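The values are calculated or read from the model by the stated rules, or taken from the named source; none is laboratory data. Just so you know, these numbers come straight off a predicted model, no measurement behind them. Note that each Cβ is placed from the backbone with ideal geometry, even for glycine, and that neighbours are counted across all protein chains shown. Just the protein is used for accessible areas: all its heavy atoms, side chains included, with ligands, DNA and RNA removed. Shrake-Rupley method; radii C 1.70, N 1.55, O 1.52, S 1.80 Å.
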Amino acid sequence: DPIKEETFYAVKNMGAYLNDNIITVSSNNKLSESMVATGFAYDRDKSGNNNLDNFKRLALKAKGIRRMGAAALDLAYVASGRFDGFWESGLKLWDMAAGKLLVEEAGGKITDLKDEEWKILGDNIVASNNLIHEELIKHLKEI
């Protein structure tokens with residue numbers, strides 16, 4: 001995040017970092033007290049894959065929802081504990097791959113919207129601090 005002069009990175013089996021300081025996911029264990037994030041596909045007006053139903057459901061369950069516009073940064077914020085969870089669909093590999101490693105190395109969990117193993121050629125992701133993952137998934141529907 002060059003505006004904030006923040007560099008997030010992770011090394012497999014060696015942790016996740018922000019400007020050379022180790023980071024970890026949050027310890028929040030209640031969705032009702034969680035700050036989560038999501039995004040919307042650029043073609044949301046043309047496809048049924050618009051995420052609005054999930055946004056509506058989670059807006060009533062989580063403490064708050066943010067939309068920053070960069071999935072990679074959203075995932076970095078989950079890894080650093082700024083967000084407790086994140087979900088989005090309609091993504092590309094380059095939106096998710098580095099963030100997946102960041103979240104996992106920081107102690108979080110990554111799946112797809114079906115709560116199955118995230119696949120490198122998939123187009124959706126759910127990330128969390130692991131403590132709210134089951135509850136987050138319960139309110140999301142694959143779009």
Looking only at region 22-40, which residues are in contact with a Lys or Arg (Cβ under 9 Å, 6 or more places away or on another chain) and not in a loop (DSSP other than H, G, I, E, B)? Leu31, Ser32, Glu33, Met35, Val36, Ala37, Thr38
Asn130 - would you say it is touching a Gly at 6+ places or on another chain (Cβ under 8 Å), open to solvent by 40 Å² or more (accessible area, probe 1.4 Å) and in contact (Cβ under 8 Å) with a residue 60 or more places away in the chain? yes
Single residue of Asp53, Asp95 found to be open to solvent by 50 Å² or more (accessible area, probe 1.4 Å), assigned to a helix (DSSP H, G or I) and of a type outside the set (S, T, N, Q): Asp53
Would you check if there is a residue in region 101-116 being surrounded by fewer than 17 Cβ atoms within 10 Å (Cβ to Cβ), in a helix (DSSP H, G or I) and of a type outside the set (Phe, Trp, Tyr)? no
Can you report the number of residues in region 66-86 which are outside any helix (DSSP H, G or I), without any contact (Cβ under 8 Å) to a residue 60 or more places away in the chain, closer than 16 Å to Ser26 by Cα and open to solvent by less than 60 Å² (accessible area, probe 1.4 Å)? 5
Members of region 103-143 that are of a type in the set (Gly, Ala, Ser) and in contact with a Ser or Thr (Cβ under 8 Å, 6 or more places away or on another chain): Ala106, Gly107, Gly108
Taking Lys119 as the residue in question, decide whether it is touching a residue at least 12 places away in the same chain (Cβ under 8 Å), assigned to a loop (DSSP other than H, G, I, E, B) and out of contact with any His (no Cβ under 7 Å at 6 or more places or on another chain). no
